[in-house]
Amino acid sequence: MAKRTRGSNRSGQRQSARPLSRPDDRPSTSLSRDEETRAADLESQIVARERVADADRIRARERTKAEPSRAGRVSGQGLLAARAAQEYAYVVRDVRRIIIVGGAIAAALAVLYVLIDVFHVVTIS
């Protein structure tokens, strides 16, 4: 089905019963003195907030330049990269745990080897 457009005069379509707006129907665009001062105050507040936000962004950018190897921090990349960084954090933590458990098992086996074969603590008869 084709998209209907306003003011289209194709056959089979009815004209809109709603009259088009005239320039006289629009409200006045002039502002009162109070409205102008309020608008100026709001604009100055917005500009001040933007300056603070810009300063924060600059500080954060300088901080990341000073510390480029911050873990879990993805800057200037999309949502997929942020999610991948979180997933890789889980993987790194799990690999560390595996290495710790494996090292503990290897250390226990080394201690048992020394006790049994070197010092003959346990004799099997």
> Which pairs do you get when a residue that is at pLDDT below 85, found in segment 55-69, comes within reach of a residue that is surrounded by 10 or more Cβ atoms within 10 Å (Cβ to Cβ), reach meaning Cβ atoms under 8 angstrom, with the pair 6+ apart or on two chains?
Replying inline: THR64/ARG70; THR64/ARG73; THR64/SER75
> Which residue, of ALA40, ALA81, is part of a helix (DSSP H, G or I), modelled with pLDDT under 85 and among the aliphatic types (A, V, I, L, M)?
Replying inline: ALA81
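The values are calculated or read from the model by the stated rules, or taken from the named source; none is laboratory data. None of these values were measured; they are calculated from a predicted model. Here the Cβ is made from the backbone with ideal geometry for all residues, glycine too, and neighbour counts use every protein chain on show.
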